[in-house]
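Asker: The structure that follows is given in the form of structure tokens.
No value in this document is a laboratory result; all are computed from the given coordinates. Predicted model, so just to flag it, every value in this text is computed and none were measured. FYI the Cβ positions are ideal-geometry reconstructions off the backbone, even for glycines, and counts take in every protein chain you see.
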Amino acid sequence: MGNYFGDAGSFLIDTIIGLYMLAVMLRFLLQWVRADFYNPISQFLVTVTNPPLKFLRKFIPGFFGMDLASLVLLVCLAIAKLYLIFAISGVTPRFSGILLLAVGEVIQLGVYVFIFSMLIRVVLSWIQPGGYNPVLGMINQLTEPLMAPARRIIPPFGGLDISPIFVFVFLYLTLMLVVRPALDVGTMLALS
């Protein structure tokens, strides 16, 4: 028999903290790419994530335009989520493993944000080329730092831009060669 309440608790913790981590990650990435601050989605993300970041910025300064407070908050949220999930399952993990798992999860979340943003950008370019709405504008601003170098390597030919394929390959290789080993080693350290 399964642990139904434990599974439900783990799912709720993962979902609630995961959604907030997504909001913080989007804010970090949009600040990093210098996206339009006045976009309604950017305004929503700032409103939702501002209370803890305002506090953390008192102690953690930015670094070359990078919001380190957001990264620290992401890692802390991932650590809290992992500890709660392990506690529900009755396991006491080691901190070194949890820390590596948390960093791996943060990198994985960032890669998935780019993958889904690229996918949305490609699909919308087929359905509504040249159209604009706030979501599409934000996605274009978010993905352009990855698309511009890819377009320099693989220029469009015949009116077809295949550079997103290069970006997808790069993102999936990052998942395979960086994220998966970090999660595997983190799990091993946490449970040893």
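Asker: Could you tell me the extents of the chain's C-alpha atoms along the three principal axes, largest first, rounded to whole Å?
Answerer: Extents along the principal axes, in whole Å: 58, 37, 34.
Asker: Moving to a separate point now. State the extension gain, in nm to one decimal, for the chain segment bounded by residue 32 and residue 91, taking 0.36 nm per residue of separation less the distance between their alpha-carbons.
Answerer: Gain on stretching residue 32 to residue 91: 17.6 nm.
Asker: Indicate the gyration tensor shape class of region 61-121 (rounded, prolate or oblate), computed on the Cα atoms with a ≥ b ≥ c the square roots of the eigenvalues: a/c under 1.5 is rounded; otherwise a/b larger than b/c is prolate and the rest oblate.
Answerer: Note, shape of region 61-121 comes out oblate.
Asker: Follow-up question, since we're still on this one. Would you mind checking the tilt of helix 40-56 against the longest principal axis of the Cα atoms of the chain, expressed as 0 to 90 degrees and rounded to 10?
Answerer: The two axes meet at around 40 degrees.
Asker: Hey, can you grab everything whose amide H is under 5 Å from the amide H of residue 60? Only 5+ residues off in sequence or another chain; H modelled, so Pro and N-termini drop out.
Answerer: Here nothing satisfies the definition.
Asker: Okay, helix-only estimate at 222 nm for the chain: each DSSP H run of n ≥ 4 adds -39500 (n - 2.57), divide by all residues, round to 500 deg cm²/dmol; what do you get?
Answerer: -26000 deg cm²/dmol
Asker: Hey, what do the phi angles of region 70-83 turn into as Karplus ³J(HN,Hα) couplings, whole Hz, using 6.51/-1.76/1.60 and θ = phi - 60°, x for Gly and Pro?
Answerer: My calculation for region 70-83 gives 5, 5, 5, 4, 4, 5, 5, 5, 5, 4, 4, 4, 5, 4 Hz in order.
Asker: Rounded to whole Hz and in sequence order, give me ³J(HN,Hα) for region 22-37 from the Karplus expression 6.51 cos²θ - 1.76 cosθ + 1.60, θ = phi - 60°, writing x for Gly and Pro.
Answerer: 4, 4, 5, 5, 4, 4, 4, 5, 5, 5, 5, 8, 6, 6, 4, 5
Asker: Each residue of region 3-20 in turn: what ³J(HN,Hα) in whole Hz from Karplus with 6.51, -1.76, 1.60 and θ = phi - 60°, glycine and Pro shown as x?
Answerer: The phi angles translate into 8, 5, 5, x, 5, 5, x, 4, 4, 5, 4, 4, 6, 5, 5, x, 5, 5 Hz.
Asker: Using square roots of five times the C-alpha gyration tensor eigenvalues, list the equivalent-ellipsoid semi-axes of region 100-192 in whole Å, biggest first. List each step's numbers first, then the result.
Answerer: Working: eigenvalues 198, 46, 16 Å².
Semi-axes, largest first: 31, 15, 9 Å.
Asker: Set the Förster radius R0 to 35 Å, insert the Cβ-Cβ distance between residue 23 and residue 192 as r into 1/(1 + (r/R0)^6), and round the FRET efficiency to 0.05. The partial results should precede the final answer.
Answerer: Details: r = 33 Å, r/R0 = 0.95.
The calculated FRET efficiency here is 0.60.
Asker: Using the 10 angstrom Cβ neighbour count as an exposure proxy, how do 114, 168 rank, fewest first? List each step's numbers first, then the result.
Answerer: Numbers: 114 20, 168 17.
Ascending number of Cβ neighbours within 10 Å: 168, 114.
Asker: Return one number: the angle in degrees, 0 to 90 and rounded to the nearest 10, between the long axis of the Cα atoms of helix 95-127 and the longest principal axis of the Cα atoms of the chain.
Answerer: On a 0 to 90 degree scale, this one is about 30.
Asker: Over region 1-132, what is the relative contact order in percent, taking alpha-carbon pairs closer than 8 angstrom and at least six residues apart? The partial results should precede the final answer.
Answerer: Numbers: 84 pairs, mean separation 36.1, N = 132.
Reported as a whole number, the value is 27 percent.
Asker: Right, here's the next one. Could you work out how far apart the two model spin labels at residue 16 and residue 47 are, taking each label as a point 7 Å from the Cα in the direction of the beta carbon, and quote it in nm?
Answerer: Spacing of the two 7 Å Cα→Cβ label points: 2.2 nm.
Asker: If you line up the long axis of helix 134-153 against the longest principal axis of the chain, both from Cα atoms, how many degrees apart are they, to the nearest 10?
Answerer: It works out to around 80 degrees.
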